[in-house]
1. Please list, ordered by first then second residue, the pairs with beta carbon atoms under 7 Å, 6 or more apart or interchain, first in segment 63-83 and among the basic types (Lys, Arg), second at pLDDT 90 or above.
2. Answer yes if at least one residue in segment 91-104 is surrounded by 17 or more Cβ atoms within 10 Å (Cβ to Cβ), touching a residue at least 60 places away in the same chain (Cβ under 8 Å) and not in a helix (DSSP H, G or I), and no otherwise.
3. Report whether or not residue 82 is more than 16 Å from the chain's Cα centre (by Cα), outside any strand (DSSP E or B) and closer than 23 Å to residue 22 by Cβ.
4. Filter segment 122-137 for residues that are surrounded by 14 or more Cβ atoms within 10 Å (Cβ to Cβ) and either among the basic types (Lys, Arg) or not in a loop (DSSP other than H, G, I, E, B) (or both) and give the result.
5. Given the residues 127, 74, which is the only one that is at pLDDT 95 or above, among the charged types (D, E, K, R) and within 19 Å of residue 23 (Cβ to Cβ)?
6. Report, ordered by the first and then the second residue, all pairs with beta carbons closer than 7 Å, sequence separation of six or more or different chains, a first member in segment 143-169 that is part of a loop (DSSP other than H, G, I, E, B), and a second member that is of a type in the set (S, T, N, Q).
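The values are calculated or read from the model by the stated rules, or taken from the named source; none is laboratory data. The structure presented is a predicted model; accordingly, all values stated were derived computationally and were not measured. Quick reminder, even Gly has a Cβ in these numbers, built from the backbone with ideal geometry, and neighbours come from all protein chains shown.
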Amino acid sequence: MADSDFPGWHGTTIIGVRKGGQVVVAGDGQVSLGQTVIKSSARKVRRLSPGGRDVVAGFAGSTADAFSLLERLEKKLEATPGQLQRACVELAKDWRTDKYLQKLEAMLIVTDGRELYVITGAGDVLEPEHGIAAIGSGGMYALAAARALIDTDADAESIARRAMAIAADICVYTNGNLTVERIGG
């Protein structure tokens, strides 16, 4: 099916910021269908606790697809305790090669407080430069804002919140109703 066959689901904005021993993942709550806001308070940032170790994940894209990926990620984390990078690579490999998973349309930002990754269906496991990752329709706005703020005295959470506010002011598919999860600091 071509993109034009769908009624126009639009993404979200998720940002991950690492600074001063703290990593924050923040996401807006808006879900849109075409020109209509379907929900304004969705939780697109989740705390996973496989094996008692905290991992925070944020997703952009299809919610059902993202939940399928989060379930798979949790299983990978259970199979490789304390090895976030390995679990992410294993998920990306499955996502790229499995006929069912290949159809999933979502992206993930994942952190355990030490490492920060973006995982895509193209098989990418990306560790962002400058300790900032952003995905979704307003992701580049949030990324630019956070990059401008990273060298200030603001902590990771303040930077993430301000970057999300800027993205919400620019991107019509992003709102200011945030879910924020912090690890460390």
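1. Pairs that qualify, where the first residue is among the basic types (Lys, Arg) and the partner is at pLDDT 90 or above, are 72/91; 76/87; 76/90; 76/91.
2. no
3. Here the answer is yes, as residue 82 does meet what is asked.
4. Those that are surrounded by 14 or more Cβ atoms within 10 Å (Cβ to Cβ) and either among the basic types (Lys, Arg) or not in a loop (DSSP other than H, G, I, E, B) (or both): 125, 126, 131, 132, 133, 134, 135, 136.
5. None of the other options fit; the residue is 127.
6. The qualifying pairs are 155/22.
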